[in-house]
1. Could you check the simple spin-label distance between T101 and L35, using points 7 Å along Cα→Cβ, in nm with one decimal?
2. If R₀ is 25 angstrom, what is the calculated FRET efficiency for the pair S66 and T93, using the beta carbon separation as r and rounding to 0.05?
3. Of L35, A104, A55, whose Cα points farthest to the positive end of the dipole of region 27-120 (charges on the beta-carbon: +1 Lys, Arg; -1 Asp, Glu; origin at the Cα centre)?
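Derivation of every value follows stated rules applied to the coordinates shown; laboratory data play no part. Treat the numbers as computed from the prediction; the structure is a model and nothing was measured. Glycine also receives a Cβ, built like all others from the backbone with ideal geometry; neighbour counts cover every protein chain displayed.
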Amino acid sequence: MSASDSQTGDGEVKVWTSEQARTPRFTVRGALGKLGSLVMVVGLVIALIMVAHIALVLGKANPANSVAILINHWAERLDFGLGQLFLVPDDPTITVMVNYTTVAIIWLVIGLVLGGLIRRI
């Protein structure tokens, strides 16, 4: 049996071509593709957190609710300090909507651009 042969469990010998024998199953390109996809998904999830925060504020959710507290906590931590970028003194709901929509768009762009660049490497 040569180095490019492989014996299966049932006694058969599988012959690999020289190209298959040299090609590793785990490649750097494949790993970067998966990493790029992960970055895109993370950007999308964070943008969805921002959208959920906007929906809870617009719907006047109970601020003592555990889900509202959790979403608010993460939205404030991931807003790049832009949660108070635009201030509308007459209506704080519009302030939240404008600021967190901006943050959601930024996260989408970061996820898509950075993920796409990583996948192209």
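1. 3.6
2. 0.70
3. L35
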